[in-house]
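The values are calculated or read from the model by the stated rules, or taken from the named source; none is laboratory data. Model, not experiment: these values are computed from the prediction. Here the Cβ is made from the backbone with ideal geometry for all residues, glycine too, and neighbour counts use every protein chain on show.
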Amino acid sequence: MKRWALTEEELRRTRAQVQSWAAKASAALVVGAVTIAPLVLTLWVLWLVLKVAALLGGLITAPIAALLGLAGADAHPVQWGIVNALVAAAALIVIGTLAKGVIGRMVGEAITGLITRIPVGNMVYGSARKLITTFHGVPETTKNVVLIEFPSPEMRCVGLVTKRFRAHDTGEELAAVYVPTTPNPTSGYVEIVPVDRLVWLDWTINEAMQFIVSGGAISPETVVYRQTGMPPPPSAPSPEG
């Protein structure tokens, strides 16, 4: 006669097997997530770049397509997305080439002056332009990467010094520090910190961005942690010969 009930020993072995399978599946899930995370993050960033490029390119191709009576992006979204991204890249190359010349700079200044006359445009465009110009023109040897006491005194966060100024009431030197978030450094916080409370690092901005985007996985073997104070003077160039 066939048994339908399991003995205590059989139940114990079954539970052990199920727990073993669950543990192996959980471990494999974690390993798979860690393995695929960099690829997903890279694809996500590329997707955002392509979306923005397609949007910019669409501002150029949409009027041309309507004028020529061609099927728009609604009919062929993938094809038009690729075309728009390529058009945006070509337009940026042309704009970058023209911007280096005298006429390009004059046109750029005229556009900037027009946008900054608009209240909202002055707030958004002016601030974004100053931020991008600040980091775009910073030499790689300039010391702009710091650690600040955030979010508590015994914790440090990587930040980028965007401006230094003095306090009107105390006269102490202050620094505006942009603290990017991980893994998206385009969002973050702006902190005003006394300069003598900053820990100045010898990292370049690229190294700081790699550290932030990778969640700290890409970092030097050692780092200054408690040596606060004024920024060190620039190192003198080594004598030739």
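Computed values, structure above
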quantity: Among (1) at pLDDT 90 or above; (2) surrounded by 13 or more Cβ atoms within 10 Å (Cβ to Cβ) - the single one TYR189 does not satisfy; calculated: (1)
quantity: Where HIS168 falls short, out of the listed (1) assigned to a loop (DSSP other than H, G, I, E, B); (2) modelled with pLDDT of 85 or more; (3) closer than 16 Å to TYR225 by Cα; (4) not aromatic (Phe, Trp, Tyr); calculated: (3)
quantity: Residue in the range 147-163 that is farthest from the chain's Cα centre (by Cα), counting only those that are at pLDDT 90 or above and closer than 12 Å to VAL195 by Cβ; calculated: ILE148
quantity: Among residues of the range 18-51, those that are of a type outside the set (D, E, K, R), free of Cβ contacts under 8 Å to residues at least 24 places away in the same chain and closer than 24 Å to LEU92 by Cβ, counted; calculated: 8
quantity: Pairs, first surrounded by 12 or more Cβ atoms within 10 Å (Cβ to Cβ) in the range 90-102, second assigned to a helix (DSSP H, G or I) and among the charged types (D, E, K, R), C-beta under 8 Å, six or more apart; calculated: ALA99/ARG105
quantity: Out of ALA33, ALA28, sole residue that is at pLDDT 80 or above, surrounded by 10 or more Cβ atoms within 10 Å (Cβ to Cβ) and closer than 30 Å to THR182 by Cα; calculated: ALA28
quantity: Matching residues, the range 141-165, being in contact with a Phe, Trp or Tyr (Cβ under 7 Å, 6 or more places away or on another chain), in a strand (DSSP E or B) and not aliphatic (A, V, I, L, M); calculated: ARG156, CYS157, GLY159, THR162
